[in-house]
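Written below as structure tokens is the structure these notes are about.
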């Protein structure tokens, strides 16, 4: 079973780093296989950008994302651009201060977090993507929180590790609450 | 002709973003084809991280980097890890305050810039990767500076666009001088 994930937002939000951290966590610390691929087709035009990650128990032979199972959207433009391409039984994760999803099609399950606001409350808007990663970890259960914390620690500037881990934990706790509440 | 590029450094230096910007510039603004791929093998362990980009005149069928033609190294550890894998006729680009290359093997051509120091002089160490991108653009001639500047503008947080373009231009000018001097 291979899970396809797309992380999307606008340039500068750190969505590429999010993809990188998920891939690193899954493969280096969780013993799975992962690849991250960017193809720069027409979908890379405009300010919406995205990062595609495959996570699998087995070796990945074909690294392109075809129909993501999980879409993370951190901007309305990114949401509009990529929602049509989400699996009908997939999972949508949004920053609900930045994205207003239209009515969900099929059996898409939506999870929402004000990740940018949480980051601002922590005095560091720039870690919104890491708050989102924590939330992603809690609601998807795809990669262990331990692996993700290790991958975060080794993928951000050293002096920002504490702040990033705090951001991760904030998103993770909130995700656990949301997950619990939606059972 | 496909050119394979590896950008490497330590976590948090923005090497993934560099790869992303090169790929975006080449494909969206320079009419070439590009892919960026991360595979998270054992080489992703430790603090050295790298981003692989392929740039081609033609459609890219096989997105994995096999033997890079260009290696950008922004840390000694990354240099040591990836230098063995550089094409013998390839190009090595380093931040020479951070990397001391051993004697070059084969016909490897080396270009050096104190990109981190330049960034610090500009009051923003964080843009060292963009200084490096400007330098890369000048010495390789692989992607046009116009395309790179557009890709930089659309890939960084909006309020930092000016600073990033300034950083790009600083690296680009220096690269032109170095290129001229090494003729």
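No lab work stands behind these numbers, since they all come straight from the coordinates. Just so you know, these numbers come straight off a predicted model, no measurement behind them. Cβ: placed from backbone, ideal geometry, glycine included. Neighbour counts: every protein chain shown.
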- Task: Using Cα centres only, tell me the gap between the range B:63-136 and the range A:101-141 in whole Å.
- Result: 35
- What gaps in nm, shortest first, separate residue A:124 from its twins in the other copies when you place the label 7 Å past Cα toward the beta carbon? 1.9
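For peptide B:11-20, compute the average count of partner chain beta-carbon atoms within 10 Å of each residue's beta-carbon.
6
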- Message: Please compute the modelled spin-label separation between residue A:178 and residue B:109, points set 7 Å along Cα→Cβ, answer in nm with one decimal.
- Response: 5.1
- Tell me the distances, shortest first, between residue B:102 and the same position across the other copies, using label points 7 Å along Cα→Cβ, in nm to one decimal. 5.9
- From the label point of residue B:89, set 7 Å along Cα to the beta carbon, how far off in nm is each other copy's matching point, shortest first? 5.2
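May I ask you to derive the FRET efficiency for residue A:87 and residue A:57 from their Cβ-Cβ distance with R0 = 30 Å, giving the value to the nearest 0.05?
Working: r = 18 Å, r/R0 = 0.62.
Result of the calculation: an efficiency of 0.95.
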- Task: Would you work out the relative contact order for chain A, in percent, from Cα pairs under 8 angstrom that are 6 or more residues apart?
- Result: 21
- Antiparallel content of DSSP bridges confined to the protein assembly as shown, in %, to 5: 55
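Out of all DSSP beta bridges in chain B, what portion is antiparallel? Express it as a percent rounded to 5.
Values: 14 of 27 bridges.
Antiparallel bridges make up about 50 percent of those DSSP assigns within chain B.
Take every DSSP beta bridge whose two residues both sit in the range B:1-95, then give the antiparallel share in percent to the nearest 5.
Numbers: 14 of 22 bridges.
Bridges in the range B:1-95 are about 65 percent antiparallel.
With Kirkwood's inverse mean 1/r over C-alpha pairs for Rh, give me the Rg to Rh ratio of chain A, two decimals please.
A ratio of 0.93.
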- One quarter of the C-alpha convex hull surface, i.e. the mean projected area of the protein assembly as shown in nm², amounts to 17.0
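Evaluate peptide A:25-34: per residue, the Cβ atoms of other protein chains within 10 Å of its Cβ; return the mean as an integer. Don't jump to the answer; show the numbers that get you there.
Numbers: counts 1, 1, 7, 6, 2, 0, 0, 1, 3, 5.
Counting other chains' Cβ atoms within 10 Å and averaging over A:25-34 gives 3.
Using Cα pairs under 8 angstrom and six or more residues apart, how large is the relative contact order of the range A:68-117, in percent?
Numbers: 85 pairs, mean separation 18.9, N = 50.
RCO, the range A:68-117: 38 percent.
State whether the range B:84-160 is rounded, prolate or oblate according to the following rule on the C-alpha gyration tensor (a ≥ b ≥ c being the square roots of its eigenvalues): a/c under 1.5 gives rounded; otherwise a/b larger than b/c gives prolate, and the remaining case gives oblate. Write down the numbers at each step before the final one.
On the way: a/c = 2.99, a/b = 1.53, b/c = 1.96.
Taking the square roots of the gyration eigenvalues as a ≥ b ≥ c, the range B:84-160 is oblate.
As a check on your grasp of the helix formula, calculate [θ] at 222 nm for chain A: sum -39500 (n - 2.57) over DSSP H runs of n ≥ 4, divide by the residue count, round to the nearest 500.
-11000 deg cm²/dmol
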